[in-house]
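Below is one structure, written out as structure tokens, with a few remarks after it.
The values are calculated or read from the model by the stated rules, or taken from the named source; none is laboratory data. Model, not experiment: these values are computed from the prediction. Cβ sites come from the backbone with ideal geometry, for glycine too, and all protein chains shown count toward neighbours.
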Amino acid sequence: MNNKRDISTLDEIIDALKNNTDNAESILDRVNLNVCAYHSLSDWDNDQHVRKSIYKCDEFELALLFWNPGIVSAIHDHNGESGYIYVIDGSLKEDVYELKNDSLIKTKTHVLNKGKWSRISGNKGIHQVSSLVQKTISLNIYVQSFNSIYVYDDKANKELEYV
Ligand SMILES: [Fe+2]
């Protein structure tokens, strides 16, 4: 395993991912972004996270998400596509769900601190992401064209939503 954190800009991440999205996990293990640089792009809302798409091609999309403290996403999946969340600054809680007998069951909760990442995969991945007590910036990578999610209510009914 390569423990070197030698990827320090978004351009370097984009170059590394081109024709190489299968290795997104090892690429993310090498990322160490300059927090100050991304605070300068920041845009905050009190009611929801702010999502800024910064690069999009057929293979993948990169977006920066800005989370004020206490923001909670809808419970959603990624409509069959893989996705990664990398925490640039702050921390996020991720609750992971499974659909069993038409009910949503929470199977895992973990906290992602600065420099940590998580993957949501394919048709199985349903999650809810929340910011904790500090302002948080995440880098989200969506593999393949990403333009819709399914949002779940507490009865596990799902509705397609375009993002
Ligand atoms: Fe998500």
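Residue check: His78 meets all listed conditions (1) crowded, with 17+ Cβ neighbours inside 10 Å; (2) in contact with an Asp or Glu (Cβ under 6 Å, 6 or more places away or on another chain); (3) modelled with pLDDT under 90 but one, namely (2). Scanning the stretch 112-157 for residues that are out of contact with any Leu (no Cβ under 7 Å at 6 or more places or on another chain), without any contact (Cβ under 8 Å) to a residue 40 or more places away in the chain and assigned to a strand (DSSP E or B) turns up just one, Asn113. For His39, the criteria (1) loosely packed, with under 14 Cβ neighbours inside 10 Å; (2) modelled with pLDDT of 90 or more hold in every case but one, which is (2). Name the pairs whose Cβ atoms lie under 9 Å apart, with the first residue in the stretch 14-26 and at negative phi, the second assigned to a loop (DSSP other than H, G, I, E, B) and at pLDDT 95 or above, and 6 or more positions between them or separate chains? Within 9 Å, the pairs are Ala16/Arg30.
Residue by residue, here is whether (1) within 27 Å of Asn23 (Cα to Cα); (2) surrounded by 14 or more Cβ atoms within 10 Å (Cβ to Cβ) holds:
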| site | (1), (2) |
| --- | --- |
| Phe60 | yes, yes |
| Leu65 | yes, yes |
| Val72 | no, yes |
| Val87 | yes, yes |
| Lys93 | yes, yes |
| Val111 | yes, no |
| Asn157 | no, no |
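Elements of the type helices (runs of 4 or more DSSP H) sitting completely within the stretch 1-108 and holding at least 3 residues that are within 16 Å of the ligand (Cβ to nearest atom) and of a type outside the set (S, T, N, Q): there are none.
Screening Ser138 with (1) within 11 Å of the ligand (Cβ to nearest atom); (2) over 19 Å from Ser8 (Cβ atoms) gives one miss only, at (2). Per the conditions (1) farther than 23 Å from Asn157 by Cα; (2) crowded, with 20+ Cβ neighbours inside 10 Å, the sole criterion not satisfied by Gly115 is (2).
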